[in-house]
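Reviewing the structure listed below.
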Amino acid sequence: MDELMGDFIAETRETMEAIAGEIVAWEADPADRARLDAIFRFVHTVKGSCGFLNLTRLGRLAHAAEDALADVRDGRRPADAALVTAVLGIVDRIGALVDAIDRGEGLPDAEDHRLVAALDRRAPAPAPVAAPPPAARAPARSIRVSVDLLDRMMAGVSDLVLARNELARRFRDEDEAALERLTCTIGELREMITRTRMARVDSLFAALPRLVRDLSAELGRQVTLSIDGGEVELDREMIEMIRDPLTHIVRNAIDHGIEPAAERIARGKPAAGTLALAARQSGNQILIEVSDDGAGIDTARLVAKAVAAGLVDAGEAARLTPACAAGLIFRPGLSTAEAVTEVSGRGVGMDVVRANVERIGGSVALDNRPGEGVRLTLRMPMTLTIIPALTVSAGGQCFALPRSAIEEIVRADGPAVSVEQVGGATIATVRGVRQAVVDLAGLLALEAGPAPLLVLVRPAGGARFALAVATVLDHEDLVVKPAAPAVMATGLYAGVTLPDDNRPMLLLDPPGLAIAAGIATVDLAGPAADPAPEPVATMPALLFVALDGAERAVPLPLVERIEDVAADAVRTIRGRLRLAHGGRVIPLVADAALPGEGSLRVLHLSDGTAHLALAVAHVADIVALPLPCGDGIAVLDGRPVELVDVPALIAAAALPPPQQRPLVLLADAGDGWMEMMLRPMLEAAGYCLAPPGASPGDADVVIAAEGQLQQAAPGALVRLRAANEATEGHEDSVWRYDGAGLLAALAARTGGR
Amino acid sequence: MLHLIVAIDGQRIALPAAAVESVIELDALTPVPRGPAHLLGLMALRSRVLTVIDSRAAIGLPPAPPSERREAVVVEVEGAAYALTVDALDDVAEADGPPEPVRGTLAAAWAGVADAVVPVGGALALRINPAALIAGR
């Protein structure tokens, strides 16, 4: 409500500033129709907003002025000086009241009555009023910006990203700190602009108390409304698009759901029904739940109606599960209301609600408990413009798929998966569940090629199918733009996106693919039949089988991409694995010995700062992993799955800082023998070698040949001897080929560091 | 009125300069599988995505002989940006007179897309309606 009020105040002030000139001009020429219209529009708008915001005083003033001006517009009354003065008085008063509301103060209302009375055509002409002195106004905390401008700002930031990428390519070998800062700044900028598009769900819920009050009065019901989660934020456009569906749902709940008080008492329920609205964020989705404790949906009657209307045949009806039967309310042309009322029950309703929500990439789930009530859950992506997507390739071209429609990715030759040809149709059986296979390259008439991966897709409201693709490239948040009508007319694409490589990529439309493939069946159950998931806290995670054969998971947001790299790009450096990749060397973590040749599958992990490659045997799935209960172990489908502790891996993979490694000075006889023979062994053992010519005093330990550096302190000296047998007086010396002895002596001198 | 003069299949075509955003050279295109035949693909122009229309295919002409440089005219129609391929860019010139209705019968290829003739540079040029070209035949 506060936000609506803020919008109203900002808008009213803005219009008042804009029409200030009109008012003066109108005063000079009361016959000027254009000026009159501008002022009429202003008071009309104020009146409308006041009705909505329940500002009766302002509304009364605006209403009086509007009536008088309407008379002038219709020629029933001349615009004389008295009228102009009275209208001006009211406009000024509106300004003063708006300022007072903003400051949270009150104004005496005697003045209002005098101003309204002055509008009366029989009133004596009042003295012309001077504009009131500008009141001290709280500084504006918000401004109104057009969505178009925000879109252009977003486009500007996208350009910046592209320019940055180009710079990064050119300065690949230069100091990267400045580029990193640029990347960070652009990232923050992008996030902020995205946030400017967001508004609180409050602004969607604000109109409901009034609606519920009016409806319950009209229908003779007692309804208690509870609203929760108004602070959740949602894209402004999205809010506008679900305003009508939400109103429909609330009307339905009161009209069809909540019973009259007498009936409720007879059933042992409290006389007043409860209608609860709750919004919450779940990952990239916003959930809005509307639940009531009314009668629930009478599925028997609903099915009977569906049969009567010819929507389902009797045999089909008999096989419907209760959840599927309740889902029939989403079918067009069905209404359970016995009588068509003013409020709802015209047979347009839930089908339209579902269509509207699905059009913005959301879904509606229904949980019907006959006799106890109904819960509807609307799930929507957080913004219209940025959607989490999976990029896949088929027939040599890359495409994006909305991740909301993807259930699982499996290999066609994987365990528990079988693909069979039956009478020309291809059917995949995944863990006992069969679905049609759609070959993406074939469907799009692209060059045929192997398609070893099956992406299991469930389009909104349709049956699941398996989309066969050549590779799964990445998952990322993509900025989606509408495509040209000729592209949309194919029915296969939902939009177009511009990834960082600046090659446009088409976003596939899963329901459209199903239709084009001829496998679209009306799924009677639809998403509504899915039991409402228990609100278990989960996190999206990538499930993989590690090299040691164990199943582990890693938080999905940390996974940058999955890639096969050549095994010979891996080196062991100072006891840690390093992967040479794309001109950089990044730490690699492996649970078991790596293959010496061939290729290696790695997950690129990044928290934005540190990068790490994790060697895996294969990637199993993307899952919603219940949050680990402790020790980093989560329980998934009854089996324990270890959640990889990425920060610990990053720390463990880091090279020991050089300054903490003991510095060893080689003082040989000047023949280079030590340099040649000892340096590799010492470095592999974690020692740091002092540059030639360094002073013995700087080194932690000195390795000296016989006859060199007689003066060095014995505590920091290891003396090598040429002979196997120690000579007398030099028992602590080490034979120069005794590697183990040398390392032991070094460890003793450096305190085992 | 300023016009951009281009050639398509040897025909002089005039486009009102006010309707033309820019002239570009076509770069790597993303094809649109199962799109209409005259939809050549998508191309990025800074952060915008252009829908590239093969003008010759749009009016039912055979494809142009392949050449290294492929140029296109960028226009905006109903909020979407398009690049219309042309065989050659000729000139930007002030029209000698107002556009006139087409007298006579146009060849089938041009009938659907030309809406006037414009005297420019001492000869008549056919003025085409970008929206009709984009719609194809």
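The values are calculated or read from the model by the stated rules, or taken from the named source; none is laboratory data. These numbers were taken from a predicted model, which means no experiment stands behind them. Note: ideal-geometry Cβ built from the backbone for every residue, glycine included; neighbour counts use all protein chains shown.
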Lone unmet requirement of (1) among the small types (Gly, Ala, Ser); (2) modelled with pLDDT of 80 or more; (3) surrounded by fewer than 19 Cβ atoms within 10 Å (Cβ to Cβ); (4) under 24 Å from A:Glu176 (Cα atoms) for A:Ala617:
(4)
Quick check on the stretch A:734-751. Is at least one of its residues among the β-branched types (Val, Ile, Thr), modelled with pLDDT of 75 or more and within 26 Å of A:Thr572 (Cα to Cα)?
yes
What residue, among those in the stretch A:458-478 that are surrounded by fewer than 22 Cβ atoms within 10 Å (Cβ to Cβ) and assigned to a strand (DSSP E or B), is farthest from the other protein chains (Cβ to nearest Cβ)?
A:Val472
Quick one: would you say A:Leu612 is in contact with a strand residue (DSSP E or B) (Cβ under 8 Å, 6 or more places away or on another chain), touching a residue at least 40 places away in the same chain (Cβ under 8 Å) and in the same structural domain as A:Pro557 (by TED's automatic domain parsing)?
yes
Working only within the stretch A:480-489, note down all residues that are outside any helix (DSSP H, G or I), within 9 Å of another protein chain (Cβ to nearest Cβ) and touching a strand residue (DSSP E or B) at 6+ places or on another chain (Cβ under 9 Å).
A:Lys481, A:Pro482, A:Ala483, A:Ala484
Can we say B:Pro62 is within 14 Å of another protein chain (Cβ to nearest Cβ), more than 13 Å from the chain's Cα centre (by Cα) and in a loop (DSSP other than H, G, I, E, B)?
no
Checking A:Asp591 against (1) under 32 Å from the mean Cα position of the chain (by Cα); (2) surrounded by fewer than 17 Cβ atoms within 10 Å (Cβ to Cβ); (3) in contact (Cβ under 8 Å) with a residue 12 or more places away in the chain, which single condition isn't satisfied?
(1)
If we keep only residues of the stretch A:500-524 that are surrounded by fewer than 18 Cβ atoms within 10 Å (Cβ to Cβ) and within 10 Å of chain B (Cβ to nearest Cβ), then the residue modelled with the lowest pLDDT is A:Asp501
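For (1) at pLDDT 90 or above; (2) within 13 Å of B:Asp9 (Cβ to Cβ); (3) more than 13 Å from every other protein chain (Cβ to nearest Cβ), each residue gets a yes or a no:
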| position | (1), (2), (3) |
| --- | --- |
| B:Arg48 | no, no, no |
| B:Arg69 | no, no, yes |
| B:Ala81 | yes, no, no |
| B:Val86 | yes, yes, yes |
| B:Leu124 | yes, no, yes |
| B:Ala131 | yes, no, no |
Scan the stretch A:447-456 for residues that are out of contact with any Asp or Glu (no Cβ under 7 Å at 6 or more places or on another chain), without any contact (Cβ under 8 Å) to a residue 60 or more places away in the chain and within 18 Å of A:Leu390 (Cβ to Cβ) and report the count.
1
Verdict on B:Arg56 being in contact with a strand residue (DSSP E or B) (Cβ under 6 Å, 6 or more places away or on another chain) and in contact (Cβ under 8 Å) with a residue 24 or more places away in the chain:
no
Might you check whether a residue that is of a type in the set (Phe, Trp, Tyr) and at pLDDT below 80 occurs anywhere in the stretch A:161-181?
yes
Test B:Pro31 against the stated conditions and say whether it is within 27 Å of A:Cys398 (Cβ to Cβ), surrounded by fewer than 19 Cβ atoms within 10 Å (Cβ to Cβ) and more than 14 Å from chain A (Cβ to nearest Cβ).
no
Hits in the stretch A:385-429 - residues which are hydroxyl-bearing (Ser, Thr, Tyr) and closer than 30 Å to A:Arg195 by Cβ:
A:Thr385, A:Thr391, A:Ser404
Being surrounded by 15 or more Cβ atoms within 10 Å (Cβ to Cβ) and in a loop (DSSP other than H, G, I, E, B) is the filter here; which residues of the stretch B:80-122 pass it?
B:Asp87, B:Pro99, B:Val102, B:Gly112, B:Val113, B:Gly121
Here the residues within the stretch A:559-577 that are within 30 Å of A:Ala634 (Cα to Cα) and either crowded, with 19+ Cβ neighbours inside 10 Å or among the hydroxyl-bearing types (Ser, Thr, Tyr) (or both) are A:Val559, A:Ile562, A:Val565
Quick check on this structure: which one of A:Gly371, A:Gly362, A:Gly442, A:Gly424 is out of contact with any His (no Cβ under 9 Å at 6 or more places or on another chain), of a type outside the set (D, E, K, R) and within 14 Å of chain B (Cβ to nearest Cβ)?
A:Gly442
